[in-house]
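Working notes, beginning with the structure itself.
The values are calculated or read from the model by the stated rules, or taken from the named source; none is laboratory data. Keep in mind that what you see is a predicted model, and the values were worked out from it rather than measured. Quick reminder, even Gly has a Cβ in these numbers, built from the backbone with ideal geometry, and neighbours come from all protein chains shown. These area figures cover heavy atoms from the full protein model, side chains too; ligands, DNA and RNA do not enter into them. Shrake-Rupley method; radii C 1.70, N 1.55, O 1.52, S 1.80 Å.
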Amino acid sequence: MPLRLHNTLTRAIELVTPANADGVFRMYCCGPTVYGPSHIGNFRAFVVQDVLRRALEIELGAEKVLHARNITDVDDRIIVQTQTEKRSLAEITAHWSGLFHADCRALNLLPPHYEPSAVEHIPAQVALIERLIFHRHAYRADDGSVYFDVSTYPAYGGLARLDFTALRKQTTNSAGEANLADKYDREAAADFALWKARKPEDGSNYWPSPWGEGRPGWHIECSAMIEKIFGGQTIDLHGGGIDLIFPHHENEIAQSCCAHESEPGYSFVRHWFHNAHLLLEDTKMSRSLGNLYTVADIQKMGFDPVVLRYVLLTAHYRSPLVFTQNGLEAAQSALHKLDKHLLALALRATGDAAKTKETLLRLKKSSPKALRWGRFATAWEVLTDDLNVPGTLGEIFKVEPKAATVEQAKEDLEGLLKITVGVLGLDLPLPETKILVPDEIVELAKQRWAAKQAKDFAKADALRKELSARGWKSLDRKDGYDLAKE
RNA sequence: GGUGCGGUAGCCAAGUGGUAAGGCCGGAGUCUGCAAAACUCCCAUUCGUCGGUUCGAUUCCGACCCGCACCUCCA
């Protein structure tokens, strides 16, 4: 079955296919604003987009997918930081984007083919704003800021399906606060900034423009970078968190469509792909609320990032997902189970325990598209229905790791690797975790093993209790033992 | 208030007009001195509530209750 996905624009499940004659699928995803650590809720979006990309590469071939994800490195909050921390914008954004990339690697995210920076695309943004002013979709305010005139784009609100006549009359926002329209020098509350005029508190963070010094507004960067990277043609898919539907993506549509109004039939994006949020105790995880966890926090809790990746995939991408410690533990156990299935199939396929590791490594290095599905074809079928990852996981576990024949084991081994590592990006098996054992624990364990060898079970049991009191346990084998934390 | 999404076992979570996938936890057993690991088996007469349509609804329709999100900082 070809891949089908929910499209926010039409609210329907649609086939995702490349529109262009070259057969290349072009996707753009809104990336992080690098003013602080990215949290695991941010990564839900990037993990989901990564699975989509991998699925597209399976379907179309890796060379037929182009993926762009921007870095927002100019923004009000970053500029405030340059002043409070007395560091340059470049210094701050380099620091946080470096950490972001490290987290991406830890989560096994494929690097995008393009990773444009907003600061590096200021001329492209200025050029786009000029086009909008030329076509009378934007106006310069007295202070030198430029705003998009929403009233010139009748289709505005189409993505979010908001009623703008009602919205304009609204005098309070969701929190019951007064509408902030008057704070800005714009003609209508719905108008949004394309260019923000320089203010004294901006420090050295301003750029020249035909309207005076200042900096670009947020929404224009994506429109400009998409234009630049993909040559102004319609792109196949645009992704982001559900919170970006309005106003960010709504505004992008308005900007890009108005800039192209001289081209009849122009469409900006064919398919809009939005994921629901990660929640913490029924509340959205967000930087402003301060209720966030980072990838580093998860590692400090003793979990490998692949466990987090699994957790982020346990709910369908359009459903909210509540993050809990319990969820991490369940994910770790489930991954362990998959790991066992993988080893069982590899052992059967190779018939030789010594060869399994080497075989697994070799298969993992090969292109996922080249691998066979075996009995995991149904898992893929389920995935193609709107990226139903929970359903896919169910299908994966339904396949008994006992293959009927060696040939089937070989095929299944490829299939299991293809779906888990190749599509879901769950890089199994789990790396063996190295644990530091205190000397006193090592000594107690030695004594216990000696007592056990001497068949002094009373002493051995007493020592096991000693170990337990210190939080450790001995896992005995025939020829020795391992130590583990209880 | 407007708009949208959702309420499925102890927890997480798919799904379908024909009688409930899967994961975690838990229980029983096999095997080991013990413990663990591993393996086998068990674990929702029921899908928020109340009505309706239907031979039949968890699945469709209506009402209601509850939760979450968005309504110009947000992945």
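Counting only residues that are in a helix (DSSP H, G or I), more than 20 Å from A:Lys196 (Cβ to Cβ) and at pLDDT 95 or above, how many does segment A:220-244 have?
4
Looking at A:Arg161, A:Arg136 in this structure, which one is more than 16 Å from RNA strand B (Cβ to nearest atom), part of a loop (DSSP other than H, G, I, E, B) and modelled with pLDDT under 95?
Unique residue meeting the criteria: A:Arg136.
Within segment A:315-353, being touching a strand residue (DSSP E or B) at 6+ places or on another chain (Cβ under 9 Å) and open to solvent by 30 Å² or more (accessible area, probe 1.4 Å) holds for A:Arg318, A:Pro320, A:Val322, A:Thr324.
Residue-wise test of (1) under 22 Å from the mean Cα position of the chain (by Cα); (2) not hydroxyl-bearing (Ser, Thr, Tyr).
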site	(1), (2)
A:Gly232	no, yes
A:Ile245	yes, yes
A:Cys258	no, yes
A:Pro264	no, yes
A:His277	yes, yes
A:Tyr293	yes, no
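Of all residues in segment A:276-286, which are buried (at least 19 other Cβ atoms within 10 Å of the Cβ) and more than 6 Å from RNA strand B (Cβ to nearest atom)? Result: A:Ala276, A:Leu280. Counting the residues of segment A:455-480 that are within 11 Å of RNA strand B (Cβ to nearest atom), open to solvent by 60 Å² or more (accessible area, probe 1.4 Å) and not charged (D, E, K, R) gives 3.
Has segment A:418-439 got any residue that is open to solvent by 50 Å² or more (accessible area, probe 1.4 Å), in contact with an Asp or Glu (Cβ under 7 Å, 6 or more places away or on another chain), closer than 30 Å to A:Lys364 by Cβ and not in a loop (DSSP other than H, G, I, E, B)? No, because not a single residue in segment A:418-439 is open to solvent by 50 Å² or more (accessible area, probe 1.4 Å), in contact with an Asp or Glu (Cβ under 7 Å, 6 or more places away or on another chain), closer than 30 Å to A:Lys364 by Cβ and not in a loop (DSSP other than H, G, I, E, B). Listed by first and then second residue, the pairs linking a residue in segment A:269-290 that is among the aromatic types (Phe, Trp, Tyr) to a residue that is near RNA strand B (Cβ under 6 Å from one of its atoms), with Cβ atoms under 9 Å apart and 6 or more places separating them unless they lie on different chains, are A:Trp272/A:Gly240; A:Phe273/A:Gly240.
Output yes when any residue across segment A:381-402 is among the small types (Gly, Ala, Ser), in a helix (DSSP H, G or I) and open to solvent by less than 60 Å² (accessible area, probe 1.4 Å), and no when none is. Checked segment A:381-402: at least one residue is among the small types (Gly, Ala, Ser), in a helix (DSSP H, G or I) and open to solvent by less than 60 Å² (accessible area, probe 1.4 Å). Just the residues that are among the small types (Gly, Ala, Ser), within 15 Å of RNA strand B (Cβ to nearest atom) and touching a helix residue (DSSP H, G or I) at 6+ places or on another chain (Cβ under 8 Å), please, taken from segment A:37-96. Within segment A:37-96, A:Ser38, A:Ala68 qualify. Across segment A:444-454, what is the total count of residues that are open to solvent by less than 80 Å² (accessible area, probe 1.4 Å) and under 48 Å from the mean Cα position of the chain (by Cα)? Number of matching residues: 4.
Only one of the listed residues (A:Thr405, A:Thr378, A:Thr359) is among the β-branched types (Val, Ile, Thr), free of Cβ contacts under 8 Å to residues at least 12 places away in the same chain and not assigned by TED's automatic domain parsing to the domain that holds A:Val48. That residue is A:Thr405. For segment A:312-331, a residue qualifies if it is in contact with a helix residue (DSSP H, G or I) (Cβ under 9 Å, 6 or more places away or on another chain) and more than 8 Å from RNA strand B (Cβ to nearest atom), and the qualifying residues are A:Leu312, A:Leu313, A:Tyr317, A:Phe323, A:Leu328.
With respect to A:Lys465, is the statement that it is in a loop (DSSP other than H, G, I, E, B) and either touching a residue at least 40 places away in the same chain (Cβ under 8 Å) or more than 38 Å from the chain's Cα centre (by Cα) (or both) true? Can you show your working first?
Numbers: in a loop (DSSP other than H, G, I, E, B): no; either touching a residue at least 40 places away in the same chain (Cβ under 8 Å) or more than 38 Å from the chain's Cα centre (by Cα) (or both): yes.
Answer is no for this residue.
Note on segment A:245-339: enclosed helices (runs of 4 or more DSSP H) holding 1 or more residues that are under 22 Å from A:Ile396 (Cβ atoms) are A:305-312.
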